[in-house]
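Heads up, the thing below is written out as structure tokens.
The values are calculated or read from the model by the stated rules, or taken from the named source; none is laboratory data. Remember, predicted model here, so these are calculated numbers, not experimental data. Glycine also receives a Cβ, built like all others from the backbone with ideal geometry; neighbour counts cover every protein chain displayed.
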């Protein structure tokens, strides 16, 4: 297995697991706190986007098994990982702490996620099986 495939699949699985855990914790353990602060939506968005991008990482890993040297695939993987950490991490932290400056950092993660999707599309379009 290529290093990109390993990082993508393991990273995607870990992010997926964390997404389920944080989603459940927000819906049950933190529900009252998040609703009282008006941050339940931010917490849910952070968890949901983490799941989407965990699945996308598994996809990049599977594609890299077929075409390990596809141009842009490693960069897509990196964008998904960093974007998810920044977007979901900052949004979740904002929801818990109320530190509003984190809201200015969240779009950096979103931009990385978008770049990851564009790079994945490009890599997939140039991959022949």
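Numerical summary
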| read-out | value |
| --- | --- |
| Per-region count, region 11-30, residues farther than 22 Å from residue 96 by Cα and free of Cβ contacts under 8 Å to residues at least 24 places away in the same chain | 0 |
| Residue count, region 83-129 (criterion: touching a residue at least 60 places away in the same chain (Cβ under 8 Å), in a helix (DSSP H, G or I) and either over 18 Å from residue 40 (Cβ atoms) or touching a strand residue (DSSP E or B) at 6+ places or on another chain (Cβ under 7 Å) (or both)) | 7 |
| Odd one out for residue 129, checked against (1) modelled with pLDDT of 95 or more; (2) loosely packed, with under 14 Cβ neighbours inside 10 Å; (3) touching a helix residue (DSSP H, G or I) at 6+ places or on another chain (Cβ under 8 Å) | (1) |
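Here is a yes/no grid of residues against (1) surrounded by 16 or more Cβ atoms within 10 Å (Cβ to Cβ); (2) closer than 20 Å to residue 124 by Cβ:
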residue	(1), (2)
3	no, yes
23	yes, no
26	yes, no
30	yes, no
61	yes, yes
64	yes, yes
104	no, no
